[in-house]
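The values are calculated or read from the model by the stated rules, or taken from the named source; none is laboratory data. Because the structure is predicted, anything quoted here is derived from the model rather than measured. Cβ atoms come from the backbone with ideal geometry, glycine included; neighbour counts cover every protein chain shown.
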Amino acid sequence: MAITSKQRRELLKFVKNLEGIRGRHTELVSVYVPAGYDLNKIIQHLAQEQGTASNIKDSTTRKHVTDSLERMIQHLRLYTKTPEHGLAAFAGNTSDKEGQQDIEVFSLEPPEPLNFRLYRCDKIFVLDALKEMSERKDIYGLIVMDKREGNIALLKGKTILPLTKTSSYVPGKTRAGGQSAQRFERLREGAAKEFYNKLAEYVKDNFLYNKDLKGIIVGGPGHTKNEWVDGNYITDLLKRKIIAIKDLSYTGEFGLQELVDKSQDVLANEEISKEKDLMQKFFEKLSTSPRNVAYGELQVKKALDQGAADIVLLSEIVPEDKVEEFELVAEQFGSKVELISVETREGTQLKELGGFAAILRYEMH
């Protein structure tokens, strides 16, 4: 299940806070506990590391590390069991004044399960896993093909998840002795159609009922991919989901990676496109049925408090504490809160309206 925009922002806030902390030596402690792992084993491991840390030559570094480990152990003992998604915990001296010590512990249960265990002392906290988790993970379908083979995969965030690979029986361009050119070409065409139909069936099985799929990107060398897309092989529903067709040098796993690399422009535009659609819907209602929308902080807050707001549109200029306040109320009434960037003309218009707008469920008087 994808993480919510609120969870993403909380995670980014947590990471940003820790990114600013620097150790003078390798004295900042990072601990990742996987989902389902025994916390007592982690505590035992940290106690052993305390013993090892007593051998650190520099007395200041030694004290910072041993004290950080002690605070971490005390913190972990507060948990009766490992949280459902595991735990990310960090401890270290946060004082930026030479010779002063202020050991702090930070921890959170991540919004997605952790699947690895880690203990590290470094000059910085290890935050890559949390940063990756905070990135948008919209799901797209990937299809890479030529006349010889086809690969189907999902793109989730930056991760390619291969699903199906299929090969064709299309003969090469050199025909066997005794075959006429026309007969050979008919054989090639028949085999190609059989392959196209088989690939289309796999695509249907993997993509048609995936409600989370935002779009499909098709790629491959030569004209084969266009022939397949333009032909009557895939359903109109799936064809409408195709957002780009890219020319590639490769097929197979290299082709999938090349397709993702060449589609970064499309993927970035997709996110902006969603924002533009929402804002255009708001402005259309504003001009045709103004009682079905609200704008301005007070009016939007009033609509939200009364349960009338369906979608709340907040500009990225709105302060974080205000966004959190609106999200809290929205949760009570099943309303959605969408953050809108100022990268589009519509986003700039929202900013000029004060940064607050809403599409309502019913008219307000």
Checklist entry - Does segment 353-364 contain any residue that is out of contact with any strand residue (DSSP E or B) (no Cβ under 8 Å at 6 or more places or on another chain), in contact (Cβ under 8 Å) with a residue 24 or more places away in the chain, surrounded by 13 or more Cβ atoms within 10 Å (Cβ to Cβ) and farther than 26 Å from LYS13 by Cα? => result no
Checklist entry - Just one of the numbered conditions (1) part of a strand (DSSP E or B); (2) of a type outside the set (A, V, I, L, M, F, W, C); (3) loosely packed, with under 14 Cβ neighbours inside 10 Å is not true of TYR140; which one? => result (3)
Checklist entry - Quick check: is even one residue across segment 48-55 closer than 25 Å to SER95 by Cβ, out of contact with any helix residue (DSSP H, G or I) (no Cβ under 8 Å at 6 or more places or on another chain) and modelled with pLDDT of 90 or more? => result yes
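Conditions tested, residue by residue: (1) in a loop (DSSP other than H, G, I, E, B); (2) in the same structural domain as LYS214 (by TED's automatic domain parsing); (3) of a type outside the set (A, V, I, L, M, F, W, C); (4) under 21 Å from ILE216 (Cβ atoms).
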site	(1), (2), (3), (4)
GLU258	no, yes, yes, yes
LEU267	no, no, no, yes
MET279	no, no, no, no
LEU286	no, no, no, no
ALA294	no, no, no, no
ASP310	no, no, yes, no
LEU313	no, no, no, no
VAL318	yes, no, no, no
GLU324	no, no, yes, no
Checklist entry - So which of ASN226, ASN232 ends up being modelled with pLDDT under 90, over 22 Å from the mean Cα position of the chain (by Cα) and not assigned by TED's automatic domain parsing to the domain that holds SER341? => result ASN232
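Table: residues versus (1) free of Cβ contacts under 8 Å to residues at least 12 places away in the same chain; (2) in contact with a Cys (Cβ under 7 Å, 6 or more places away or on another chain); (3) surrounded by 14 or more Cβ atoms within 10 Å (Cβ to Cβ); (4) of a type outside the set (A, V, I, L, M, F, W, C).
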{"position": "ILE272", "(1), (2), (3), (4)": "no, no, yes, no"}
{"position": "LYS285", "(1), (2), (3), (4)": "no, no, yes, yes"}
{"position": "THR288", "(1), (2), (3), (4)": "yes, no, no, yes"}
{"position": "LEU314", "(1), (2), (3), (4)": "no, no, yes, no"}
{"position": "GLU320", "(1), (2), (3), (4)": "no, no, no, yes"}
{"position": "PHE326", "(1), (2), (3), (4)": "no, no, yes, no"}
{"position": "ALA330", "(1), (2), (3), (4)": "no, no, yes, no"}
{"position": "SER335", "(1), (2), (3), (4)": "no, no, yes, yes"}
{"position": "ILE340", "(1), (2), (3), (4)": "no, no, yes, no"}
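Which of the residues belonging to segment 97-133 are aliphatic (A, V, I, L, M) and exposed (fewer than 14 other Cβ atoms within 10 Å of the Cβ)?
LEU118 - this is the single residue of segment 97-133 that is aliphatic (A, V, I, L, M) and exposed (fewer than 14 other Cβ atoms within 10 Å of the Cβ).
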Checklist entry - So which of LYS322, LYS302, LYS336 ends up being more than 23 Å from GLN7 (Cα to Cα) and of a type in the set (Lys, Arg)? => result LYS302
Checklist entry - Looking at segment 43-83, which of the residues that are under 18 Å from GLU104 (Cα atoms) and basic (Lys, Arg) is surrounded by the fewest Cβ atoms within 10 Å (Cβ to Cβ)? => result ARG77
Next on the checklist: Based on this model, can you work out whether GLU297 counts as in contact (Cβ under 8 Å) with a residue 12 or more places away in the chain, closer than 10 Å to ALA357 by Cα and in contact with a strand residue (DSSP E or B) (Cβ under 7 Å, 6 or more places away or on another chain)?
Outcome noted: yes
Item to check | Search result, residues across segment 13-42 that are outside any loop (DSSP other than H, G, I, E, B) and buried (at least 16 other Cβ atoms within 10 Å of the Cβ) | outcome: PHE14, VAL15, LEU18, LEU28, VAL29, SER30, VAL31, TYR32, VAL33, LEU39, ILE42
Item to check | Conditions (1) within 26 Å of ARG8 (Cβ to Cβ); (2) assigned to a strand (DSSP E or B); number of the one not met by CYS121 | outcome: (1)
Checklist entry - GLN280 passes all but one of (1) surrounded by 18 or more Cβ atoms within 10 Å (Cβ to Cβ); (2) in contact (Cβ under 8 Å) with a residue 60 or more places away in the chain; (3) of a type in the set (S, T, N, Q); which number fails? => result (1)
Next on the checklist: Give me the residue from segment 326-356 that is in contact with a Gly (Cβ under 8 Å, 6 or more places away or on another chain) and in a strand (DSSP E or B) and, out of that set, modelled with the lowest pLDDT.
Outcome noted: ILE340
Checklist entry - Has segment 207-224 got any residue that is surrounded by fewer than 14 Cβ atoms within 10 Å (Cβ to Cβ), of a type in the set (Asp, Glu) and farther than 30 Å from ILE340 by Cβ? => result no
Item to check | Residue list for segment 67-92, filter: aliphatic (A, V, I, L, M) and under 21 Å from LEU127 (Cα atoms) | outcome: LEU69, MET72, ILE73, LEU76, LEU87, ALA88, ALA89, ALA91
